[in-house]
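The values are calculated or read from the model by the stated rules, or taken from the named source; none is laboratory data. The shown structure was predicted, so the numbers you read here are calculated from the model rather than taken from an experiment. Because the Cβ atoms are built from the backbone with ideal geometry, glycine has one as well, and the counts that use them run over all protein chains shown.
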Amino acid sequence: MAIKLRKSYKFALRSSLYISVFLFFLSLFLFEYFSLWDYWTALAIAMAVVFGVSFLVIQFRVEKFIYKRIKKIYDDVTLLESTSFASRPITTDMATLTEEIEKFAKDKRIEIDTLKIREEYRKDFLGNVSHELKTPLFTVQGYILTLLDGAMEDKKVRRKYLQRANKGVERLIYIVKDLDLITKLEAGDLSLEISTFDIVELIKSVFELLEMKASRKQITLTFDMEYREPIYVKGDREKIQQVITNLVVNSIKYGHPDGTTEVSVENLIKNKVIIRVTDNGEGIPEAHLPRIFERFYRIDRSGSRKEGGSGLGLAIVKHIIEAHGEKIYVESVVDVGSEFSFTLEKAKKPTA
């Protein structure tokens, strides 16, 4: 059985053979054209020629030997994915190659970790969506089946069950609309209609819309002070109204009876204002604060839906504020209350 030599040995043997053959013919040439009294001249010429030829042979052979193998690495990387790494000129410098490979491997590790996180997020999202949708679906189905089983004949029962089924359908529509909105926000497909408007007037209109909801829980909606002058800001008026509405609705949901939801508008820096929505309700445990802006995240992990909502309100708020290039903050203490605040750009009074 033939001995299989390593590729490096084959490389060395072939290089040695090329140099030996060259030296053989060089010695014949020197023997033929130089006499003994030209010995030192012949030796000097031979050394110079041997050095030059050896350098060229070794350089050419090493370059070709390494290049072929490194090119295979580049080709393999290209098969994995078309990246900037594959489009670079091939280098045979080991330090540079090692650095590039390490960077490529690091990027791939980050990409793999990101994909794993996204996969977990996708599973979480699907689980949460199915959980949110199945309750109203089963509710509607239950009332309809009851009617079909004979309750249809009783007008009072029929009306009551149809009204309850309608509430279930409205909840489904509410969830689907929020899902559609947050999907557009996350994909960047929702364009903002930026205008100048009075934020104080907008907050007042939100108070009016939610007055009945707050009164049912004996919660007072108020400003921190009397604002005699309008405060103009830049933003998408409709989206900012949704932000304030979602924050005030949250404060009502988790507020204590006879509690207060207070809104303030303060100058932050020269060109910014900060809007604060403060309540004296249940508060949020500190461990939950980093995650409350996640989709479907609920502090009550029992799955209770007694307060309703789609579970997307705060996620939508965060995306709308970030779409404006602004920041949102939260501070909360259990049994003391919570404060959500966000910034907006100030604007001058619009000309008539």
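Quick notes on this one:
- Residue among S195, S191, S215 that alone is over 23 Å from L312 (Cβ atoms), among the hydroxyl-bearing types (S, T, Y) and not in a helix (DSSP H, G or I): S195
- Residues of the range 268-282 that are in contact (Cβ under 8 Å) with a residue 12 or more places away in the chain and either in contact with a Phe, Trp or Tyr (Cβ under 8 Å, 6 or more places away or on another chain) or assigned to a strand (DSSP E or B) (or both): L268, K272, V273, I274, I275, R276, V277, T278, D279, G281, E282.
- The residue of the range 109-136 that is modelled with the lowest pLDDT, among those that are surrounded by 12 or more Cβ atoms within 10 Å (Cβ to Cβ) and of a type in the set (V, I, T), is V129.
- The single condition among (1) in contact with an Asp or Glu (Cβ under 6 Å, 6 or more places away or on another chain); (2) farther than 23 Å from I269 by Cα; (3) of a type outside the set (G, A, S); (4) modelled with pLDDT of 90 or more that E211 does not meet is (1).
- Test result for L268, crowded, with 17+ Cβ neighbours inside 10 Å and either in contact with a Lys or Arg (Cβ under 8 Å, 6 or more places away or on another chain) or among the hydrophobic types (A, V, I, L, M, F, W, C) (or both): no
- Residues that are within 18 Å of E326 (Cβ to Cβ), surrounded by fewer than 22 Cβ atoms within 10 Å (Cβ to Cβ) and under 31 Å from the mean Cα position of the chain (by Cα) within the range 247-265 comprise just one, V265.
- Tally, over the range 164-208, of residues that are farther than 30 Å from R228 by Cα and of a type in the set (A, V, I, L, M, F, W, C): 12
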